[in-house]
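**Q** Once you've had a glance at the structure underneath, I'll fire off some questions.
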Amino acid sequence: MFKKKGKKGVVEVQFNWIFVMIAGGLILFFFTTIISGQKATSEKKLNTDLVNQFELIFAGQGVATGTKNQIDLPPVPLQFGCSDYAIGEQAKTLGNAVVFSPAVIDSKKMLTSTLAWQVPFKVSNFVYLTAPNVKYYFVDFSPDIQQIITGGMPLGDEYYQFLNRIDYEDIVYERNPTVKFIFNMFGGADIPTRLPESFFDVSDEQVRAVALEGEGYLATSRDFTPTLRLKFYKKEGTGWVPDTEGLQGDAFSVLKFETFLGAVFAGNAELFQCNMRRALLRLKYVANVYDQKLNLLVGNQKYNCILSTDDDDATIGDPCCEIFQTTEFSEMSGLIQPNGMLEANRDLELTRLETLLQGKNENAMRGSCPTLY
């Protein structure tokens with residue numbers, strides 16, 4: 001016969017089970033904590049490695065001009081600010097690179113293109129970034145300008161589209177995470193009051209626009225001058241409202257075609273303004289360097305440049321001395337404020353100085369003098 005277990009035996013069994021459950025839970029918690037910690041450490045290291053790799057990529061893009069590339073991306077969003085970029089919590093400065101891109105690129109590939117910004121001397125390469133899943137609609141641009149825009153766009157042609165205003169209402173939303181409309185508003189035309197109906201229910205943050213305003217007719221890249229203006233817009237419900245958050249003023253001058261293309265790729269107006277400030281500060285620095293170069297040439301005994309006592313603006317000595325007295329570099333630098341903004345209504349003056357410098361540099365070459373830049 002079997003003996004009945006007493007209460008003591010039952011209690012011991014229950015206690016053993018409780019002990020096993022607690023011990024098992026502690027062990028599970030211990031290993032889960034270790035695994036989670038290792039995963040977090042691995043992700044942090046991976047993100048750090050990726051950020052460092054992109055630093056090399058952006059450095060290369062900033063040096064090479066006229067390059068177009070497709071870069072494979074890891075399955076993590078790449079975030080861009082004005083002067084830095086980040087993967088997860090790992091951030092890195094962009095250094096001197098001027099990068100126009102959406103605020104977030106979340107794709108298997110990144111598309112890149114670079115163009116030199118010259119005024120007339122090279123200031124910096126503008127780096128343009130986007131992804132195949134970002135959509136751009138160019139509305140009402142002539143065939144000539146379409147060709148110029150296409151030449152500056154990164155590789156691929158499925159992520160952007162040219163269309164007439166009459167076709168604007170019929171655009172069908174293709175579920176892109178980011179959409180940008182670029183309107184040619186020449187001749188005083190107004191931006192459409194409403195978005196295409198298929199975009200009504202799309203999140204406001206996903207849709208942006210920029211309008212190019214001016215008079216006359218765009219035919220070549222040389223027609224992108226400060227007489228043109230850029231205005232940014234964002235989606236609000238079913239319509240457009242100005243995107244002026246964090247801005248000084250509500251419009252930007254077009255300082256050559258490269259800045260127009262920057263407005264196309266910039267995630268919003270604030271990012272565009274910030275990058276243009278960085279570009280203008282770079283211009284100020286480079287202009288000062290060239291101005292100092294001229295001072296050294298004036299003092300070089302080889303040319304024996306001496307200011308005339310009759311006219312402080314005239315020099316005697318080598319024929320090159322007159323060219324060395326160029327003041328356009330210092331004047332150009334003076335147009336740019338310490339915060340990177342152009343002085344009010346001085347954008348056309350920048351273009352005038354650019355034209356003068358280009359002419360004097362050509363004269364220097366014809367006279368076998370050292371070039372100004």
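The values are calculated or read from the model by the stated rules, or taken from the named source; none is laboratory data. Everything numeric here is computed off the predicted structure, so don't read it as measured data. Methodologically, a virtual Cβ is constructed for each residue, glycine included, from the backbone with ideal geometry; neighbour enumeration extends over all protein chains shown.
Yes/no per residue for (1) part of a helix (DSSP H, G or I); (2) over 21 Å from residue 227 (Cβ atoms):
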| site | (1), (2) |
| --- | --- |
| 241 | no, yes |
| 267 | no, yes |
| 272 | yes, no |
| 285 | yes, yes |
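**Q** Could you list, in sequence order, all residues of region 171-206 that are more than 25 Å from residue 131 (Cβ to Cβ) and not in a strand (DSSP E or B)?
**A** 185, 186, 187, 188, 189, 190, 191, 192, 193, 197, listed by residue number.
**Q** Within region 74-109, track down each residue that is over 20 Å from residue 278 (Cβ atoms), in a strand (DSSP E or B) and of a type outside the set (Val, Ile, Thr).
**A** If the condition is that a residue be over 20 Å from residue 278 (Cβ atoms), in a strand (DSSP E or B) and of a type outside the set (Val, Ile, Thr), then 90, 109 are the ones that fit.
**Q** Counting only residues that are within 21 Å of residue 280 (Cβ to Cβ) and part of a loop (DSSP other than H, G, I, E, B), how many does region 110-146 have?
**A** 3
**Q** Suppose we filter region 193-220 for residues that are modelled with pLDDT of 95 or more and among the small types (Gly, Ala, Ser); how many remain?
**A** The total comes to 4.
**Q** I need a count of the residues in region 221-251 that are more than 22 Å from residue 115 (Cβ to Cβ), among the charged types (D, E, K, R) and exposed (fewer than 15 other Cβ atoms within 10 Å of the Cβ).
**A** 3
**Q** For region 243-254, which residues satisfy the criterion of being assigned to a loop (DSSP other than H, G, I, E, B) and either out of contact with any Phe, Trp or Tyr (no Cβ under 9 Å at 6 or more places or on another chain) or of a type in the set (Gly, Ala, Ser) (or both)?
**A** 245, 246, 248, 249, 251
**Q** Now a separate question. What's the number of the condition residue 197 fails, among (1) of a type in the set (Asp, Glu); (2) in contact (Cβ under 8 Å) with a residue 24 or more places away in the chain; (3) out of contact with any Leu (no Cβ under 6 Å at 6 or more places or on another chain); (4) surrounded by 16 or more Cβ atoms within 10 Å (Cβ to Cβ)?
**A** Just one mismatch for residue 197, condition (4).
**Q** Within region 274-289, is even one residue free of Cβ contacts under 8 Å to residues at least 40 places away in the same chain and either closer than 29 Å to residue 97 by Cα or out of contact with any helix residue (DSSP H, G or I) (no Cβ under 9 Å at 6 or more places or on another chain) (or both)?
**A** Yes, that holds for at least one residue.
**Q** State which residue pairs qualify: first residue closer than 17 Å to residue 288 by Cβ and inside region 338-352, second residue of a type in the set (D, E, K, R) and outside any helix (DSSP H, G or I) in any location, beta carbons under 6 Å apart, and separation of 6 or more residues or different chains.
**A** none
**Q** From the list 168, 159, 128, pick out the single residue that is among the hydroxyl-bearing types (Ser, Thr, Tyr) and under 30 Å from residue 353 (Cβ atoms).
**A** 128
**Q** Oh, and also: Check residue 173 against each of (1) touching a residue at least 12 places away in the same chain (Cβ under 8 Å); (2) within 30 Å of residue 347 (Cα to Cα) and name the one condition it does not meet.
**A** (2)
**Q** So, one more: Answer yes or no as to whether residue 78 is more than 30 Å from residue 217 (Cβ to Cβ), touching a strand residue (DSSP E or B) at 6+ places or on another chain (Cβ under 8 Å), buried (at least 21 other Cβ atoms within 10 Å of the Cβ) and in the same structural domain as residue 206 (by TED's automatic domain parsing).
**A** In short, yes.
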